[in-house]
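The values are calculated or read from the model by the stated rules, or taken from the named source; none is laboratory data. Everything numeric in this text was worked out from a predicted model, so none of it was measured. Cβ coordinates were reconstructed from backbone atoms using ideal geometry, including for glycine residues, and neighbour counts include every protein chain displayed. Just so you know, the surface numbers come from the protein's heavy atoms only, side chains and all, with ligands and any DNA or RNA stripped out. Shrake-Rupley method; radii C 1.70, N 1.55, O 1.52, S 1.80 Å.
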Amino acid sequence: MARSGGRTGARGGGRIREMVVFWFLLIALVVVVAAVTLFVAGGERGDVLPEAVPDRLAGPLPADRPAARADVEALRLPVVLRGYRMADTDEALDRLGAELAERDARIAELEAALAGARAAAAGTAGGDEEPRPADPRDIRDTEAGA
C-alpha cells in the first residue's frame, strides 16, 4: 500500500512540473511576440512605418496617340484584395471602348464614301448606256462592312 501512495505523489509532482513548463513557455511566447511587434513598429527609434504605395496602373494607355494592339497586350491592370482596381480598369476599358467606337464610325464613313465614289464612277462611265446591274461582289462587300 505504501507503494501505491508513492506513485500517486510522483504523478502529482509531474503535473506541477508540466504546469510550470507550460506557463514558462506561454510567458516566453508573449515576450517574443511583444518584442517583434515593437521592433516592426519601430519601437526604440520612434520611426513610423512608411505608407504603403498603392498598386497603380504601371503602363497606362498612351494619351498622345490611339492605342495599338501592343499597348493593349502590354496593359497590366493593378490588383487589389478583391480583384482589379475598379477606377483604373474602368478608365482603361472606357478609353478602349471610345477608340473602338471612333474607328467604327471612321470605317462606316469611308465605306459610304467608297460606295458614293463607285456610284459616281458608274454614272459617268455609263452615261450613254443603260445602267448595268450591280455586281453581287460589291453588295456582299458593303454588307460585310456594315
Review point. Within the stretch 79-100, can you find the residues that are within 13 Å of residue 67 (Cβ to Cβ) and open to solvent by less than 80 Å² (accessible area, probe 1.4 Å)?
Key: 92, 95, 96, 97, 98, 99
Check your understanding: Yes or no: residue 132 assigned to a loop (DSSP other than H, G, I, E, B), out of contact with any helix residue (DSSP H, G or I) (no Cβ under 7 Å at 6 or more places or on another chain) and at pLDDT 55 or above?
Key -> yes
